[in-house]
Amino acid sequence: MEKENKTEAEILAEKLLYKKPSAFEKMSEEELTAAQEYAVGYSDYLYHSKTEREAVKTSVKILENAGYAEYKLGDKVAVGGKYYLNNREKGLFAFTVGTESINDGVRVLAAHIDSPRLDLKQHPLYEDGGIAYLKTHYYGGTRKYQWPTLPLALHGVVTKRGGETVEVNIGEDEGDPVLVITDLAPHIAKEQGNKALNTAFNGEVLNILVGTVPLMEDGKPANVENAVKLNIMKLLNEKYGIVESDFMSAELCTVPAGKPVDIGLDKSLIGAYGHDDKVCAYPALTALTDNECTKHTVICALADKEETGSDGISGMQCTLLSELIDEIAKALGGNGNICRHNSLCLSADVTVGYDPNYPEVFEKRNSALMNCGVAIAKYTGSGGKYSTNDASAELVGKIRDMLDDDNVLWQTAELGKIDVGGGGTVAKYIANHNIETIDAGVPVLSMHSPFEAISKYDLYSTYKAFLAFCK
Ligand code: MN
Ligand code: MN
């Protein structure tokens, strides 16, 4: 309720001081409902996009339904055209060509579609104590203690001798079995319990239990070594036509099994594996396809390998984004260097949400609060602002105007207290290509865990922010 007779001090405070609003103070009833509805589409996208390969497939479907056509480097492009470049099934660049001169720059929305997980090693399958296991090698920043005693699924591809690639998906379909990493009973875990959290579980104990039944012959266990392992290999062979040596040319990822679910009696949050960074990839993609402004050329870049440093051919350190801009500029009679110089990029990535359970690691005034909207991070990195893209005051000003003009709920964010840790995004790699870049994304609780939590209102604010950026 607005108070009627405000004092002079109250009026002055309103005029001069900043107060961070929440979704419930700023968003209309229609918007709060729209946020709930938007979350349904997102949850479905997320469930079908647990790995970068799956995210590429799911995203291509959305793009094709929206009239985007496959593009290859060197192809012609037309003003008003809608295209996507599939980067070897692991990365995706979708773009809409605007009416404005290409030398005036493009708008880039860059998110990543890989998430921390446990990859299988190249010789994963073995048997010990009558149990068959798969050896894993963790991918990205994982807290290893979070992974035992969870229902796990196996997603990925196997390229067989001769070049045929088969898709593997175990643990998601109704009636499918799940896999698990076991843990000690507390009764015999005294010594383990005394170890430091980060050393109690080493990477070599994260072995996936895949079976316990030996291959049977004439009603008896077959008289071969490792009959349980052999039986698992037989089951895999029946389902996928693979043999043990095929593991050497495979990319198999262990991820938490199951669908995203609502969290809280008020259903305000979504709990799921892989929000980081599909929770920004989906708004980036849908902002591109829903954008009605035809002025700017908009590129939505969905990258792999962010969680391991953005290296390699599918990571954002690869020159492909830059080359794509060159090709688009050339096709339109422009100049890639001039285009990049005038371009803007939102590095669409999550940040850590303030967790009242752990106030000691946060500086509350500068943390992203849940339900307070998309979080803009001027810089990330660690220590004395090392290893980051520090966006200029002018760029923050420009973004701020865009968001406020479109009535978007937004806030600023830092990753935690100074020197407690830190982290990076793809922002600096894109800025290194002479593209003005700033980080923006959804605050996450339990980030990088097998069950991360985000707010539906922050998700919707992020979508709105990206739409505003496309205009
Ligand atoms: Mn991320
Ligand atoms: Mn991450």
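The values are calculated or read from the model by the stated rules, or taken from the named source; none is laboratory data. As the structure is a prediction and not an experimental result, all values here were calculated from the model. Using ideal geometry, Cβ is built from the backbone for each residue, glycine included, and neighbour counts are taken over all protein chains shown.
What are the residue pairs meeting all of these: first residue in the range 150-172, first residue on the phi > 0 side of the Ramachandran plot, second residue in a loop (DSSP other than H, G, I, E, B) and at pLDDT 95 or above, Cβ atoms under 9 Å, and 6 or more apart or on different chains?
Matching pairs, first to second residue: Gly156/Thr51; Gly171/Pro151; Gly171/Pro177; Gly171/Val178; Gly171/Ala257; Gly171/Gly258.
Looking at Glu100, is it touching a helix residue (DSSP H, G or I) at 6+ places or on another chain (Cβ under 8 Å) and surrounded by fewer than 22 Cβ atoms within 10 Å (Cβ to Cβ)? So that I can check it myself, show each step before the final result.
Working: touching a helix residue (DSSP H, G or I) at 6+ places or on another chain (Cβ under 8 Å): no; surrounded by fewer than 22 Cβ atoms within 10 Å (Cβ to Cβ): yes.
Here the answer is no, as Glu100 does not meet what is asked.
Here's the yes/no breakdown for (1) surrounded by 14 or more Cβ atoms within 10 Å (Cβ to Cβ); (2) among the polar types (S, T, N, Q):
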{"site": "Val178", "(1), (2)": "yes, no"}
{"site": "Val210", "(1), (2)": "yes, no"}
{"site": "Leu215", "(1), (2)": "yes, no"}
{"site": "Lys220", "(1), (2)": "no, no"}
{"site": "Asn231", "(1), (2)": "yes, yes"}
{"site": "Lys234", "(1), (2)": "no, no"}
{"site": "Asn237", "(1), (2)": "no, yes"}
{"site": "Met248", "(1), (2)": "no, no"}
{"site": "Gly258", "(1), (2)": "yes, no"}
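From the residues in the range 23-37 that are in contact with a helix residue (DSSP H, G or I) (Cβ under 8 Å, 6 or more places away or on another chain) and surrounded by fewer than 21 Cβ atoms within 10 Å (Cβ to Cβ), which one is nearest to Val279 (Cα to Cα)?
Selected residue: Gln36.
Examine the range 269-285 for a residue that is in a loop (DSSP other than H, G, I, E, B) and either farther than 28 Å from Tyr145 by Cβ or free of Cβ contacts under 8 Å to residues at least 40 places away in the same chain (or both), and state whether such a residue exists.
no
Residues that are within 23 Å of Ile232 (Cα to Cα), within 16 Å of ligand 2 (Cβ to nearest atom) and not aliphatic (A, V, I, L, M), at least 2 per element: which strands (runs of 3 or more DSSP E) completely within the range 96-211 meet that?
Ranges flagged: 117-128.
From Ala427, Ala413, grab the single residue that is buried (at least 24 other Cβ atoms within 10 Å of the Cβ), farther than 30 Å from Val261 by Cβ, in contact with a Ser or Thr (Cβ under 6 Å, 6 or more places away or on another chain) and not acidic (Asp, Glu).
Working: Ala413 fails: farther than 30 Å from Val261 by Cβ.
Of Ala427, Ala413, the one residue that is buried (at least 24 other Cβ atoms within 10 Å of the Cβ), farther than 30 Å from Val261 by Cβ, in contact with a Ser or Thr (Cβ under 6 Å, 6 or more places away or on another chain) and not acidic (Asp, Glu) is Ala427.
In the range 45-68, which residue that is without any contact (Cβ under 8 Å) to a residue 24 or more places away in the chain and in contact with a helix residue (DSSP H, G or I) (Cβ under 9 Å, 6 or more places away or on another chain) is nearest to Phe95 (Cα to Cα)?
Only one residue tops the list, namely Gly67.
If a residue must be under 23 Å from Ala468 (Cβ atoms) and within 13 Å of ligand 1 (Cβ to nearest atom), how many such residues does the range 261-285 contain?
8
Filter the range 400-424 down to the residues that are assigned to a strand (DSSP E or B) and within 16 Å of ligand 2 (Cβ to nearest atom) and list them by number.
Within the range 400-424, Gly422, Gly423 qualify.
Could you give every pair whose Cβ atoms fall below 6 Å, whose first residue belongs to the range 123-144 and is touching a residue at least 60 places away in the same chain (Cβ under 8 Å), and whose second residue is of a type in the set (S, T, N, Q) and within 16 Å of ligand 1 (Cβ to nearest atom), counting only separations of at least 6 or pairs across chains?
Cβ pairs passing all conditions: Gly140/Thr308.
Determine if the range 285-298 includes at least one residue that is within 16 Å of ligand 2 (Cβ to nearest atom) and within 30 Å of Lys456 (Cα to Cα).
The answer is no, given that none of the residues of the range 285-298 is within 16 Å of ligand 2 (Cβ to nearest atom) and within 30 Å of Lys456 (Cα to Cα).
Could you check the range 93-142 and list, in sequence order, the residues that are of a type outside the set (Val, Ile, Thr), away from ligand 1 (no atom under 16 Å from the Cβ) and under 30 Å from Ile325 (Cα atoms)?
Of everything in the range 93-142, those that are of a type outside the set (Val, Ile, Thr), away from ligand 1 (no atom under 16 Å from the Cβ) and under 30 Å from Ile325 (Cα atoms) turn out to be Phe93, Ala94, Phe95, Gly98, Glu100, Ser101, Asn103, Asp104, Gly105, Arg107.
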